[in-house]
Amino acid sequence: NVLLHEMSHMWFGDLVTPAWWDGLWLKEAFATYMAFLAQAEATRFRDAWHQFYSTSKQLAYVADQQVTTHPIEVPVQDTHYAFANFDRITYQKGASVLTQFSHFVGSQDFRNGVRAYLRQHAGGVTELHDFVTAIEEASGRDLTHWVRDWLEQPGLNTLTTEFECNEGALSSLRVRQTAADSFPVLRQHRLQLGLYRWDDQRQRFETRVVPLMVRGEVTEVEAVAGSSCPTLVYPNQGDWGFVKVELDPVTLRALPDHVGQLGDPLLRSMLWQSLWDMVRDAKLSLAEYGDIALQGIPRESSEKVIRQLAANLVETIHYLWALPSGHASLRDSLGADIEDLAWQLAIQAEPDSDLGLLWLDTYRRVAHSEEAVARLRGMLAGDETGLELDLDQDRRWSSVVKLSAMGADDTDSLITGESARDPSETGRRMAMAAKAAKPLESIKRTWLDRIRNPDSGLSLAQRRAAMSSIFPASQRDLHAVFADDIVQSLTAVGQQHEDAFLSSYGDLIPRLCRPDNAERLGAAIDEQSSMNPLLFKALRIAHQEEVRCLAIAALSASPQ
């Protein structure tokens with residue numbers, strides 16, 4: 001991927017160069033797009049577009065839903081401003097929108113337009129207008145509205161389907177498009193609508209794919225009238241669009257029994273992601289998601305989908321740990337089920353397999369019980385645990401850090417023993433991380449002061465190691481003790497340290513899933529006047545995520 005990305009710059013960037021920094025996004029986004037296109041069509045990595053969906057595109061979706069999102073095409077005053085906006089909107093959303101653009105105008109017209117653009121401007125410099133004009137001439141389309149909606153406006157649209165059936169056949173189907181209140185832009189989307197009907201006799205899905213152009217709030221799909229009533233519906237078959245999909249009630253009900261029977265791993269991946277997005281948008285409770293995920297994960301065969309689901313399990317645990325005390329029953333029951341599933345899948349995996357290591361890493365991240373403490377100790381000691389996996393040094397250190405965070409009483413001896421095994425600079429940093437992870441207020445105070453003190457003698461790497469572990473998700477109560485201190489320190493810390501440090505310090509801004517903390521962060525946003533832009537961005541995102549967590553907690557507390 002990296003090789004192909006950099007090769008693309010021989011054309012977009014070198015043969016034809018942006019006239020100014022506002023054109024940076026095009027050469028970077030095009031290189032990202034071309035790297036995946038070339039992998040899919042010219043190498044053995046035929047599932048490259050699935051990789052694109054599960055990595056680059058997810059980063060773009062997250063960035064575009066944050067309060068700090070911005071248009072892809074923005075005026076750039078100077079190089080400092082250019083690098084401040086050198087982010088996931090530039091790379092990942094830019095590449096996602098170019099992929100969508102290719103489908104929008106047609107892949108051959110897009111290719112012809114790119115060829116004409118490179119021929120005409122070889123050896124010269126260009127602006128966005130030159131690129132768009134080349135695609136317009138090749139496709140015969142006026143793309144003014146596309147540039148306005150996709151490049152000059154931030155934000156992400158959500159699609160959902162609504163349909164009715166009569167005597168086993170579709171009588172009507174429509175696609176409804178919404179936009180966030182902050183960016184109320186409804187766009188045109190060229191997509192493929194997938195209808196999937198489960199055949200009980202043949203024990204397989206029958207699939208119908210219908211071309212679709214979504215415009216405005218509601219798009220009626222008359223072409224499907226009379227088709228067999230579907231078991232599942234997905235309005236972005238093949239991942240042509242840059243959209244979020246909210247699953248309709250019929251699809252949602254059918255998903256637990258049928259998602260594993262769909263033959264396309266990319267489709268399964270998109271359905272699972274839509275399900276998780278509904279949790280994040282407080283439209284599906286943690287309990288409901290947990291029930292479906294715990295049923296579906298053991299049946300999944302695609303490693304890419306499994307990695308996606310494992311990451312979402314970790315996020316589920318983090319939300320559970322953030323729930324207030326009134327949610328103890330859900331936290332304890334679902335948390336125990338997730339921990340147990342990760343352990344069972346780790347011990348059932350082939351010895352030293354990638355999946356075995358994935359589930360071991362997942363188990364360590366979700367571990368919280370006394371039984372987990374004993375298992376992690378046993379793995380470090382080489383005792384029989386039922387796990388046929390050898391811990392490398394990185395995983396040994398990660399286990400020590402986890403045990404320290406869980407309050408293991410032999411933490412100091414574990415750190416000493418591991419430091420003797422690994423006296424490298426990496427080992428020294430991980431020892432610091434383990435010490436900072438201890439669940440003691442006095443320890444947190446000591447390390448917080450050392451991290452922030454420019455004269456403490458700690459390197460940037462050492463400070464980052466300590467910051468990565470000082471307030472794990474399981475220690476929200478301890479984090480709350482220092483919430484005022486951290487928020488009040490932001491302006492001063494921003495003046496004392498370089499941007500490389502501040503990008504990590506922003507992760508310490510407390511996210512506690514508590515109303516008083518949401519008020520604290522909101523007040524800090526209103527009161528800031530001279531805060532470093534990196535820290536102010538982190539503060540705004542932390543406040544947004546605090547509000548999100550409170551909505552998730554409220555839904556999880558309501559009767560299902």
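Kindly provide the set of residues from the range 346-359 that are assigned to a helix (DSSP H, G or I), modelled with pLDDT under 95 and of a type outside the set (S, T, N, Q), ordered by number.
Scanning the range 346-359 gives A346, I347, D354, L355, G356, L357.
With the condition kept exactly as written, say whether any residue in the range 1-21 is open to solvent by 20 Å² or more (accessible area, probe 1.4 Å), assigned to a helix (DSSP H, G or I), modelled with pLDDT of 95 or more and within 16 Å of Y117 (Cα to Cα).
Scanning the range 1-21, I find no residue that is open to solvent by 20 Å² or more (accessible area, probe 1.4 Å), assigned to a helix (DSSP H, G or I), modelled with pLDDT of 95 or more and within 16 Å of Y117 (Cα to Cα), so the answer is no.
Which members of the range 56-93 meet the condition of being more than 16 Å from the chain's Cα centre (by Cα) and either at pLDDT 90 or above or of a type in the set (D, E, K, R) (or both)?
Passing the criteria: H70, P71, I72, E73, D78.
Inside the range 454-474, can you point out the residues that are more than 25 Å from S424 (Cβ to Cβ) and either touching a Pro at 6+ places or on another chain (Cβ under 9 Å) or part of a loop (DSSP other than H, G, I, E, B) (or both)?
Within the range 454-474, P454, D455, F471, S474 qualify.
Could you list, in sequence order, all residues of the range 35-77 that are open to solvent by 70 Å² or more (accessible area, probe 1.4 Å) and either assigned to a loop (DSSP other than H, G, I, E, B) or small (G, A, S) (or both)?
Within the range 35-77, A42, R44, F45, R46, D47, P75, Q77 qualify.
Could you tell me which numbered condition R215 fails, if it satisfies all but one of (1) under 21 Å from V97 (Cβ atoms); (2) free of Cβ contacts under 8 Å to residues at least 40 places away in the same chain; (3) in contact with a helix residue (DSSP H, G or I) (Cβ under 7 Å, 6 or more places away or on another chain)?
All conditions pass for R215, except number (3).
Do you know which of the residues in the range 103-127 that are in contact (Cβ under 8 Å) with a residue 40 or more places away in the chain and within 23 Å of Y61 (Cα to Cα) is surrounded by the most Cβ atoms within 10 Å (Cβ to Cβ)?
Per the stated criteria, the residue is F104.
For the list (1) surrounded by 15 or more Cβ atoms within 10 Å (Cβ to Cβ); (2) assigned to a loop (DSSP other than H, G, I, E, B); (3) at positive phi; (4) of a type outside the set (A, V, I, L, M), I need the number of the one condition that G238 fails.
(2)
Where residues in the range 503-534 are aliphatic (A, V, I, L, M) and modelled with pLDDT under 95, which of them is most open to solvent (accessible area, probe 1.4 Å)?
Applying the filter and picking the extreme gives L534.
N453 versus (1) in contact (Cβ under 8 Å) with a residue 24 or more places away in the chain; (2) closer than 29 Å to Y505 by Cβ: which is the lone unmet condition?
If we test N453 against (1) in contact (Cβ under 8 Å) with a residue 24 or more places away in the chain; (2) closer than 29 Å to Y505 by Cβ, just (1) comes out false.
Between a residue in the range 248-259 that is touching a residue at least 40 places away in the same chain (Cβ under 8 Å) and any residue that is of a type in the set (S, T, N, Q), which pairs come within a Cβ distance under 7 Å, given they are 6 or more apart or on different chains?
Filtered contacts from the range 248-259: D248/T160; D248/T161; A254/T231; P256/Q295; H258/T231.
Whether any residue in the range 476-499 is more than 25 Å from D64 (Cβ to Cβ), within 25 Å of the chain's Cα centre (by Cα) and open to solvent by less than 60 Å² (accessible area, probe 1.4 Å) is what I want to check.
Looking for residues that are more than 25 Å from D64 (Cβ to Cβ), within 25 Å of the chain's Cα centre (by Cα) and open to solvent by less than 60 Å² (accessible area, probe 1.4 Å), one finds at least one in the range 476-499, hence yes.
Okay, residues lined up against (1) surrounded by 16 or more Cβ atoms within 10 Å (Cβ to Cβ); (2) more than 21 Å from M467 (Cβ to Cβ):
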position: D392; (1), (2): no, yes
position: V400; (1), (2): yes, no
position: G407; (1), (2): no, no
position: D410; (1), (2): no, yes
position: S424; (1), (2): no, no
position: A434; (1), (2): yes, no
position: A437; (1), (2): yes, no
position: E441; (1), (2): no, no
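Starting from the range 527-551, take each residue that is on the phi < 0 side of the Ramachandran plot and touching a residue at least 40 places away in the same chain (Cβ under 8 Å) and list its partners that are outside any loop (DSSP other than H, G, I, E, B) and of a type in the set (F, W, Y), counting only C-beta distances under 8 angstrom and pairs at least six apart or across chains.
L535/Y505; C549/Y319
The values are calculated or read from the model by the stated rules, or taken from the named source; none is laboratory data. Nothing here was measured: the structure is a model prediction, and the numbers come from that model. FYI the Cβ positions are ideal-geometry reconstructions off the backbone, even for glycines, and counts take in every protein chain you see. Side chains included, ligands, DNA and RNA excluded: accessible areas come from the protein's heavy atoms. Shrake-Rupley method; radii C 1.70, N 1.55, O 1.52, S 1.80 Å.
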